[in-house]
Amino acid sequence: MNTKDDYLVSVIIPTYNRSEKLEKSINSIIDQSIGFENIELIIVDDASTDKLTKKTILDYQKQYPNIKPIFLEKNSQTCSKARNIALDHTTSKYIIFSDDDDYYLKNGLETLYNLITKYDSDLVICNHYNNIDGDKTPVIKKIKNNIININPLANQKCFDQISTINGGVCVAKIYNKKFLLKNNIKFIENIKYEDVPFYMNILKHSPKITIFPQKIVYNHNIQEHSLASTHNLKAFNDMIKSTTHISNYYKKINININSILSFMISQLLLIFSNLDKNKKEKNILKIYKLEKYLEKQSNFQIHLKRKEADILNHAIMQKKFKKAIMISNFYNLLYNNSTIKKLYKKFR
């Protein structure tokens with residue numbers, strides 16, 4: 001077992017009260033084809049309260065000295081702080097993130113490592129599955145050909161293609177640590193949906209990005225029944241903060257960011273539709289103010305791909321708030337109807 005600081009990659013897993021699912025995530029890293037002796041695995045326990053999570057991590061550490069646990073004393077509520085702390089403790093040249101309830105395919109890390117070293121990229125993006133209650137769907141669909149070391153700010157078409165390529169998640173990617181440090185790129189702390197601002201902050205620094213849409217390296221588990229419970233007021237407010245951060249990043253950059261901002265507004269409207277009526281009435285004005293702010297900051301012109309989101313947004317921007325809430329209540333029923341979900345996934 002390698003005990004020196006010459007690992008090929010550093011993998012970061014933040015966790016909180018996930019003992020059972022965490023095991024599968026850790027095992028997927030241990031079983032990688034690149035050889036676990038070449039991997040530095042940093043697991044950050046965000047002050048778990050179940051006791052089993054900490055025990056699981058320590059049990060693994062006893063077997064593998066290249067598993068490096070970090071135990072936070074106070075829960076930070078999001079993955080951002082845990083990831084930032086782990087970044088400061090990594091020793092390899094390349095960084096890979098994983099969530100504690102997902103897993104990498106057996107050759108995932110080897111694929112990512114070989115690509116970033118072959119092309120000397122700042123960031124390599126591969127494809128991943130969204131596993132929705134057992135229904136696996138590759139995320140990157142529109143891009144068919146490989147893209148080697150392209151600058152996302154080279155032109156508008158390139159930026160639009162890359163900015164929303166896989167939802168902006170930080171997984172199924174490998175990062176050049178030197179690039180991150182040079183540009184002081186970290187996650188925004190204390191908010192959910194921190195992945196997208198992190199990714200957009202990377203893009204604004206004109207990195208060399210390599211994309212292999214045919215190489216699937218990661219399985220992202222999503223439980224549909226849990227989505228509504230995570231669409232709460234904090235999620236709503238954090239989505240607004242994330243969107244605002246992205247707009248501010250590009251305030252002095254000569255590139256149109258309508259594609260990513262429209263994507264964020266679409267997600268915000270989905271969260272809004274799952275709020276209860278009282279919270280909708282108290283917070284609907286925030287959507288209106290956000291879009292007006294975006295128009296002022298970046299000449300934002302919204303383009304929503306989902307027709308139902310466009311109808312809801314139009315009512316909000318016309319300040320027809322009662323009508324908008326009625327529309328959102330109807331959408332809430334649709335979004336949470338199992339038959340409609342299946343049809344949507346089939347024909348999307």
Applying 1/(1 + (r/R0)^6) with R0 = 30 Å to the Cβ-Cβ distance of Glu20 and Cys158, what FRET efficiency is obtained, to the nearest 0.05?
0.10
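Provide the gained length on full extension for the span Phe71 to Lys251, in nm with one decimal, where the gain is 0.36 nm per separating residue minus the Cα-Cα distance.
61.1 nm
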So what's the stretch 55-96 giving for Cα Rg divided by 2.2 N^0.38 Å, two decimals?
1.29
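Can you give the extra length, in nm with one decimal, that the chain gains between Leu334 and Asn149 once fully stretched, where that is 0.36 nm per residue apart less the Cα-Cα distance?
Working: separation 185, 0.36 × 185 = 66.60 nm, distance 4.14 nm.
That pair, Leu334 and Asn149, stretches by 62.5 nm at full extension.
Got the relative contact order for the stretch 9-222 handy, in percent, Cα pairs under 8 Å and 6 or more residues apart?
27 percent
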With a 10 Å cut-off between alpha carbons and a GNM built on the chain, which of Asp88, Asp31, Asp238 moves the most?
Asp88
Neighbour-count ranking [beta-carbon atoms within 10 angstrom, fewest first] of Val169, Val9
Val169, Val9
What is the distance, in nm, between label points placed 7 Å from the Cα along the Cα-to-Cβ direction at Arg306 and at Lys136?
2.5 nm
Approximate spin-label separation Asn278-Lys177, in nm, with each point projected 7 Å along Cα-to-Cβ:
4.9 nm
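For a quick check: sort Asp45, Asp99 by the number of other beta carbons within 10 angstrom, fewest at the front. Provide the component values of the computation, followed by the final result.
Working: Asp45 24, Asp99 20.
So the ranking, lowest neighbour count to highest, is Asp99, Asp45.
So what is the 222 nm mean residue ellipticity for the chain from helices alone, if each DSSP H run of at least 4 adds -39500 (n - 2.57) and you divide by all residues, rounding to the nearest 500 deg cm²/dmol?
Numbers: 14 runs with 167 residues, N = 348.
Mean residue ellipticity at 222 nm (helix-derived): -15000 deg cm²/dmol.
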Report the label-to-label distance for Lys55 and Thr244 in nanometres (one decimal), using points 7 Å from each Cα along the Cα→Cβ vector.
4.3 nm
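Beyond 28 Å between alpha-carbons counts as too far, so tell me which of Lys54/Lys118; Lys279/Lys305; Lys286/Lys307; Lys68/Lys182; Lys144/Lys252; Lys21/Lys204 fall in that bin. Write out the running numbers ahead of the final one.
Values: Lys54/Lys118 38 Å; Lys279/Lys305 26 Å; Lys286/Lys307 21 Å; Lys68/Lys182 25 Å; Lys144/Lys252 32 Å; Lys21/Lys204 35 Å.
From the list (Lys54/Lys118; Lys279/Lys305; Lys286/Lys307; Lys68/Lys182; Lys144/Lys252; Lys21/Lys204), the Cα-Cα distance tops 28 Å for Lys54/Lys118; Lys144/Lys252; Lys21/Lys204.
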18 Å reach of a label modelled at Asp120, 7 Å along Cα-to-Cβ, counting backbone N of the stretch 161-197
175-180, 182
Using unit Cβ charges (K, R positive; D, E negative) and no other charged atoms, how large, in debye to the nearest 20, is the dipole of the stretch 195-279 about its Cα centre?
340 debye
Stretched out fully, how many nm does the piece from Tyr288 to Asp31 gain, at 0.36 nm a residue minus the Cα gap?
87.6 nm
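Which trypsin sites (Lys or Arg not before Pro) does the stretch 122-224 hold that lie in a coil by DSSP with at most 16 other beta carbons within 10 Å? Before the final figure, lay out each step's value.
Numbers: sites: Lys136, Lys141, Lys142, Lys144, Lys157, Lys173, Lys177, Lys178, Lys182, Lys186, Lys192, Lys204, Lys208, Lys215; in loops: Lys141, Lys142, Lys144, Lys186, Lys192, Lys204, Lys208.
Passing both the DSSP loop test and the Cβ count: Lys141, Lys142, Lys144.
Coordinate-derived values only; no laboratory data. Please read these numbers as outputs of a predicted model, since none were measured by experiment. We place every Cβ from the backbone using ideal geometry, glycine too, and count neighbours over all the protein chains shown.
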